[in-house]
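Peer 1: This structure is in structure tokens; I'll ask about it shortly.
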Amino acid sequence: MLKYLLHECIQVNIPAYRRLIGFLSNMSQTRPWLLLLYALPTRRNSERVHFWRKVKKFGALPLKNGAYVLPDDPVQYERFQWLSKQVRDGGGEATLIRITEIEGIPSEKIIQAFNDLREKEYDGLARELATLVRKKGKQHPMLGRTLEKLERRFHEIQEIDYFGCSASQHVKILLRQAEAAPARIQPTRALKAKDFSKRVWLTRPRPGIDRVGSAWLIRHFIDPAARFKFAESPKAHAGCIPYDMYNVEFSHQGDDCTFETLVRRFRIEDRAVKALAEMVHDADLEDDKFKRVECIGLHRILKGLCRQGLTDEAVLAKGFECFDALYTDLKKA
């Protein structure tokens with residue numbers, strides 16, 4: 001049974017309201033949300049554009065035509081109040097509802113939908129940062145301004161990242177690379193795989209091409225008994241070895257992705273692995289450095305598996321099968 005509290009109702013008699021009630025009765029929720037229903041006259045194009053820009057700026061989640069959702073807190077409530085007034089002032093109608101329980105969609109799915117929106121925004125920012133990292137050695141006068149613009153955009157996305165989308169970590173890593181002075185990666189002593197035996201390796205949730213590929217590399221060439229855990233931060237996991245996380249040893253270094261960092265640090269000389277490193281680099285950083293396209297499709301598949309709701313462990317297992325097959329093909333080539 002749908003339970004809700006009608007906190008503010010502005011011009012309740014909206015067709016969209018009645019349509020949405022039928023939609024909402026099929027959903028389930030365990031945390032409070034703010035639901036804004038609105039209708040603007042079709043001739044009011046400028047008001048529509050203004051409204052769309054506002055809900056996008058606030059990071060609101062579209063449910064259906066004429067409905068947006070935000071987490072229920074005082075800041076978001078005030079934002080939706082103002083939008084309701086603006087819709088009404090523009091000749092439209094609006095209803096603002098505080099929903100305490102909805103049937104049919106668990107809170108995890110709505111939270112995931114918010115994170116999917118933020119992930120697309122972070123991914124777009126990551127592509128621009130990867131391009132900037134590639135150009136930073138050319139000392140172009142506009143690079144500093146471009147970096148400042150991208151940093152501002154990152155903070156804007158963080159402001160509406162209500163549920164801590166894991167894609168933000170990748171952007172943090174790229175920002176650190178972009179901020180660093182152009183320099184070659186300094187030689188470091190080779191690490192011995194035997195010193196990293198039977199360890200627990202920690203990385204971020206929703207693993208993509210670099211994290212899955214690095215886990216495969218660890219399991220096959222560094223620590224055959226490796227176990228993997230997932231968390232947003234290594235702070236509460238002191239006994240684990242973090243990788244592909246912000247400000248850790250095994251992560252992006254210089255122009256290298258994490259897979260390449262591990263290959264370099266452990267002096268892995270396998271030719272097929274080195275080819276894989278180039279493929280992972282191009283798929284992860286999207287900078288076309290090595291002109292390798294083999295892992296781009298795999299990168300999209302891994303993202304799709306995450307969006308299907310598979311556990312991180314299941315995504316890792318399926319990714320391992322793909323890397324096994326690709327490595328076998330490269331060895332026989």
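The values are calculated or read from the model by the stated rules, or taken from the named source; none is laboratory data. Here the structure is a predicted model, which means the values were calculated and not measured. With ideal geometry, Cβ positions are generated from the backbone for all residues, glycine too; neighbour counts draw on all protein chains shown.
Peer 1: Considering (1) surrounded by 13 or more Cβ atoms within 10 Å (Cβ to Cβ); (2) at pLDDT 85 or above; (3) over 13 Å from the mean Cα position of the chain (by Cα), say which one A126 fails and leave the rest.
Peer 2: Of the numbered conditions (1) surrounded by 13 or more Cβ atoms within 10 Å (Cβ to Cβ); (2) at pLDDT 85 or above; (3) over 13 Å from the mean Cα position of the chain (by Cα), the odd one out for A126 is (3).
Peer 1: Taking T311 as the residue in question, decide whether it is of a type in the set (S, T, N, Q), free of Cβ contacts under 8 Å to residues at least 40 places away in the same chain and surrounded by 18 or more Cβ atoms within 10 Å (Cβ to Cβ).
Peer 2: Taking the combined requirement at face value, the residue does not satisfy it.
Peer 1: Looking at (1) in contact (Cβ under 8 Å) with a residue 24 or more places away in the chain; (2) small (G, A, S); (3) assigned to a helix (DSSP H, G or I), which one does A317 not meet, given that it meets all the others?
Peer 2: With respect to (1) in contact (Cβ under 8 Å) with a residue 24 or more places away in the chain; (2) small (G, A, S); (3) assigned to a helix (DSSP H, G or I), A317 is out only on (1).
Peer 1: Out of the residues in the stretch 259-288 that are surrounded by fewer than 16 Cβ atoms within 10 Å (Cβ to Cβ) and of a type in the set (K, R), state the one that is farthest from W201 (Cα to Cα).
Peer 2: Ranking the candidates gives R271 first.
Peer 1: Further question on the same structure: Filtering the stretch 233-251 down to residues that are assigned to a loop (DSSP other than H, G, I, E, B) and within 19 Å of D284 (Cα to Cα), which residue is farthest from the chain's Cα centre (by Cα)? Before the answer, list the steps.
Peer 2: Of all residues in the stretch 233-251, those assigned to a loop (DSSP other than H, G, I, E, B) come to 233-240, 244-249, 251.
Right, trim to within 19 Å of D284 (Cα to Cα) and you get 244-249, 251.
Values: D244: 14, M245: 13, Y246: 14, N247: 18, V248: 19, E249: 22, S251: 17 Å.
Among them, the one singled out is E249.
Peer 1: Only one of these is buried (at least 18 other Cβ atoms within 10 Å of the Cβ), in contact with an Asp or Glu (Cβ under 9 Å, 6 or more places away or on another chain) and either at pLDDT below 95 or within 21 Å of Q253 (Cβ to Cβ) (or both): I173, I218, I185. Name it.
Peer 2: One residue alone meets the criteria, I173.
Peer 1: Taking only pairs six or more apart or across chains, which ones have beta-carbon atoms under 9 Å, a first residue in the stretch 81-94 that is closer than 11 Å to A39 by Cβ, and a second residue that is acidic (D, E) and surrounded by fewer than 21 Cβ atoms within 10 Å (Cβ to Cβ)?
Peer 2: Close Cβ pairs satisfying both conditions: V87/E47; G90/E47; G91/E47; G92/E47.
Peer 1: Moving on. Looking only at helices (runs of 4 or more DSSP H) that fall completely inside the stretch 2-100, which ones have 1 or more residues that are modelled with pLDDT under 75?
Peer 2: Hits in the stretch 2-100: 15-24.
Peer 1: So which residues in the stretch 160-169 are assigned to a helix (DSSP H, G or I) and touching a residue at least 60 places away in the same chain (Cβ under 8 Å)?
Peer 2: Of everything in the stretch 160-169, just one residue is assigned to a helix (DSSP H, G or I) and touching a residue at least 60 places away in the same chain (Cβ under 8 Å), namely Q169.
Peer 1: Does the stretch 273-283 contain at least one residue that is more than 17 Å from the chain's Cα centre (by Cα) and at pLDDT below 90?
Peer 2: Within the stretch 273-283, not a single residue is more than 17 Å from the chain's Cα centre (by Cα) and at pLDDT below 90.
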